1. To the nearest 10 Å², what's LYS269's accessible area with a 1.4 Å probe?
2. Ignoring ligands and nucleic acids, what accessible area does ILE393 show with a 1.4 Å probe (Å², nearest 10)?
3. Any idea what the relative contact order of region 352-465 is, in percent, if you count C-alpha pairs under 8 Å spaced at least 6 apart?
4. Grab the other residues whose beta carbon is less than 14 angstrom from that of TYR106, score K and R as +1, D and E as -1, and report the net.
5. Please compute the alpha carbon radius of gyration of region 79-124, then divide it by the globular-protein estimate 2.2 N^0.38 Å. Two decimals is fine.
6. Where Rh denotes the Kirkwood radius from the mean inverse Cα pair distance, what is Rg over Rh for region 109-177?
7. What's the magnitude of the charge dipole for region 349-471 around its Cα centre, counting Lys and Arg as +1 and Asp and Glu as -1 at the beta-carbon? Answer in Debye, nearest 20.
8. Across the Cα atoms of region 463-510, what radius of gyration and what greatest pairwise Cα-Cα distance (Dmax) are found, in Å?
Amino acid sequence: MNAKSTKEAKTLPPARPVPESLARLRAAVEKAGAGGGPERVAAQKARGKLSARERVHYLLDEGTFQELDLLATTRATAFGLKDKDIPGDGVITGFGQINGREVCVYAQDFTVIGGSLGLAHAMKICKIMDLALQNRVPVIGLLDSGGARIQEGVDSLDGYAHIFRRNVLASGAVPQISVILGPCAGGAVYSPALTDFVFMVEGISNMFVTGPDVVKAATGEEVSAEHLGGAEAHAAKSGVCHFVAKSEPDCFRQVRELLSYLPQSRWEKPPRVANPDPIRRQVPLLEKMCELDPRRPYRIHHIVWQIADEHKFFEVQSAYAKNVVTGFCRMGGEVVGVVANNPAHLAGALDINASDKAARFIRFLNAFNIPILTLVDVPGYWPGVQQEHGGIIRHGAKILHAYAEATVPKITVILRKAYGGAYIAMSSKHMGADFNFALPSAEIAVMGPAGAVEILYSREIAACKSDDEKLALKAKLSADYAAKFASPYQTASTGSLDEVVEPAHLRAKIARALRFLKDKRTPGQSDNRGNIPL
Ligand code: HXC
């Protein structure tokens with residue numbers, strides 16, 4: 001200590017004793033804030049997981065978190081609960097900001113009795129969900145829980161019911177995001193399933209209705225938790241999960257990015273974010289579509305990147321039903337939802353999973369005032385017994401329903417194939433699209449040339465004397481058919497297309513149309529809808 005600080009120390013007034021009431025508050029806050037204590041926090045770390053408080057810190061803007069109900073805890077006493085410390089009842093709840101915008105958040109704390117959900121825990125979550133709905137802000141759940149708190153019996157099951165009901169009431173009103181950061185088992189999975197977007201992190205997130213032990217007992221199948229309900233399984237196979245992250249910080253970065261495309265609620269539009277990309281930017285690369293072999297696959301992403309502001313596309317459910325691509329981009333700074341056939345997978349045909357994926361996304365966009373850009377290159381529905389018996393009729397109908405009921409601005413661009421029922425389903429003019437464009441490479445018909453001539457000229461083909469004669473006749477008939485239908489011009493002549501567009505002008509055309517549709521109204525058509533899981 002130098003001379004100066006010795007002198008200062010001498011002149012400091014004596015420390016005032018802390019009043020007992022203040023000391024009591026500070027002690028209670030410190031105890032509750034410590035979660036399950038150092039041992040359990042260390043165990044959480046050993047599993048490669050962040051603590052619930054660290055998670056809230058990573059997710060929200062620095063210093064914006066306002067915690068509620070830190071001191072709330074269970075009133076249950078049975079099965080040893082009366083002797084247990086259950087700080088915050090195993091969940092942190094409150095509000096804060098992301099990119100300067102308010103959100104409500106809850107984070108289950110696995111270090112406190114396994115993050116299990118008792119009635120007080122559930123009511124804390126419900127309070128925050130009610131606040132989100134009343135104040136029209138998104139709600140984000142960070143889930144890490146052993147499920148219903150066994151000691152509380154039916155109270156904990158009822159707790160889930162309170163939450164599920166609120167998930168439904170908030171559906172389509174405020175964005176709801178679930179981030180799975182540990183176990184999420186049994187009926188508990190149905191809260192995330194009712195929300196709009198589910199995030200999972202490789203290696204630490206699990207979701208299943210019945211875990212590996214029950215599966216083994218019931219069916220004899222031996223399966224690991226990761227294989228049964230890990231991020232990979234739900235992103236690629238079940239379609240439950242929309243976004244996968246490699247680490248928790250990466251996951252929170254993705255949540256923040258997703259929110260940048262969303263409005264705070266259905267009573268707002270998504271925020272406009274200006275950028276320097278000229279709205280009339282020419283896209284000469286799209287002229288390549290006009291020389292592409294109609295059977296050649298390509299990734300639809302290349303088209304989206306050409307059209308979007310700054311070539312940015314934020315894809316949703318990228319690993320699931322890859323034959324349809326869904327996601328967000330901006331045009332002229334305004335958010336647009338993209339729904340596109342992807343010829344790189346199943347030739348871009350519609351099947352059961354693609355129908356569900358597209359329909360739910362369209363319904364989300366409609367609920368939250370986000371215009372829809374549909375990019376069409378679809379040979380039809382994917383054929384097969386499995387598809388028919390799996391209910392492609394029932395699932396395919398969801399896309400038709402979603403587009404027809406959507407009142408947000410809808411722009412459709414036919415890039416190449418648009419055949420049969422799939423042409424209609426992909427936001428055709430008379431399903432209610434506002435503007436329908438096509439590139440000169442578009443082919444719009446009831447079916448492809450090969451199938452059409454087999455039906456129209458079956459007698460003539462059967463009368464051929466040799467296979468060579470058959471082939472030659474089919475080739476000629478197909479060419480005649482293609483000349484009439486394998487173009488956009490018959491459709492343009494009926495008004496079912498508004499314009500056949502120079503490919504290089506496509507971005508400018510779409511942006512101009514969106515600008516015109518900015519304040520679109522649809523009198524007589526209700527625009528108040530939830531986002532039911534499909
Ligand atoms: C009460 C629970 C609990 C629960 C975990 N714990 N789950 N306490 N109710 N549901 C407690 C443990 O007793 C332990 O307490 C602490 O949390 C950590 O759990 P561990 O088992 O030590 O952790 P780990 O080995 O990592 O295993 C995690 C787990 C396992 C896989 C989640 O705990 C587990 O299988 N839990 C039960 C899961 C389950 O069957 N839940 C009910 C599902 S049905 P101590 O004091 O030792 O630290 C359901 C219905 C919902 O949720 C219905 C909604 C409609």
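The values are calculated or read from the model by the stated rules, or taken from the named source; none is laboratory data. Not measured: the values here are computed from a predicted model. FYI the Cβ positions are ideal-geometry reconstructions off the backbone, even for glycines, and counts take in every protein chain you see. Just the protein is used for accessible areas: all its heavy atoms, side chains included, with ligands, DNA and RNA removed. Shrake-Rupley method; radii C 1.70, N 1.55, O 1.52, S 1.80 Å.
1. Ignoring ligands and nucleic acids, LYS269 comes out at about 110 Å².
2. 130 Å²
3. Numbers: 169 pairs, mean separation 32.0, N = 114.
Relative contact order here is 28 percent.
4. Details: positive: ARG53, ARG55, LYS124, LYS127, ARG166; negative: GLU67, ASP69, ASP89, ASP109, ASP130, ASP144.
Here the charged neighbours net out to -1.
5. On the way: Rg = 13.0 Å, N = 46, 2.2 N^0.38 = 9.4 Å.
The reported ratio for this selection is 1.38.
6. Numbers: Rg = 12.2 Å, Rh = 12.3 Å.
Radius of gyration over Kirkwood radius for region 109-177 works out to 0.99.
7. Values: 12 positive and 12 negative charges, 95 e Å.
Result for region 349-471 is approximately 460 debye, rounded to the nearest 20.
8. Final numbers for Rg and Dmax: 17.4, 54 Å.
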